[in-house]
Amino acid sequence: MRPRRGTDRIRGRRDRGVDLLSVGPTRTCVGCRKRAPAASLLRFVAAGSGKDLRLQPDPSRRLPGRGAHVHPDPVCFGQAERRRAFGRALRLTGVADAGLLAEHIRTVSVPSGTTDDEALLPRHDPAR
Ligand SMILES: [Zn+2]
């Protein structure tokens, strides 16, 4: 009596291997519209529904649903917001609250302890 083999193997999960040929998957930033490695972009999804729609940052890229990508950069965020690219990328019908996403980008794009990027800071214009 031999144990049967082969039929109980777990199948599925076929590797397509397409993306492995290049540097990895690339995605398009909804802000500057440039393609970049997915790892360097911030994924976000739409959470909630109806009037309570908001953009949910998904740094670990695990949330289900349709996602879109943006550079974790306030400049790209601003461009996407101006063009309403978030809603379009996610095929949203309403306007989503981008507060969470904005806050996340602000957090990751300003490394604490570094003040080299003074040029990026808004300059104060003292009233005379
Ligand atoms: Zn960008």
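What follows draws every value from the coordinates through simple rules; no lab data is involved. Here the structure is a predicted model, which means the values were calculated and not measured. So basically every Cβ, Gly included, is an ideal-geometry build from the backbone, and we count neighbours across all protein chains shown.
Overview of values
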item	result
Check: the range 52-99 dipole with +1 on Lys, Arg Cβ and -1 on Asp, Glu Cβ, in debye	240 debye
Gyration tensor (alpha-carbon) shape descriptor, the range 35-97, a/c threshold 1.5	oblate
T26 long-range amide H proximity, modeled H, under 5 Å	A38
Mean Cβ count within 10 Å, highest first, over the residues of peptides 46-58, 64-76	64-76, 46-58
Extension reserve of the R54-D97 stretch, reckoned as 0.36 nm per residue once the Cα distance is removed	15.1 nm
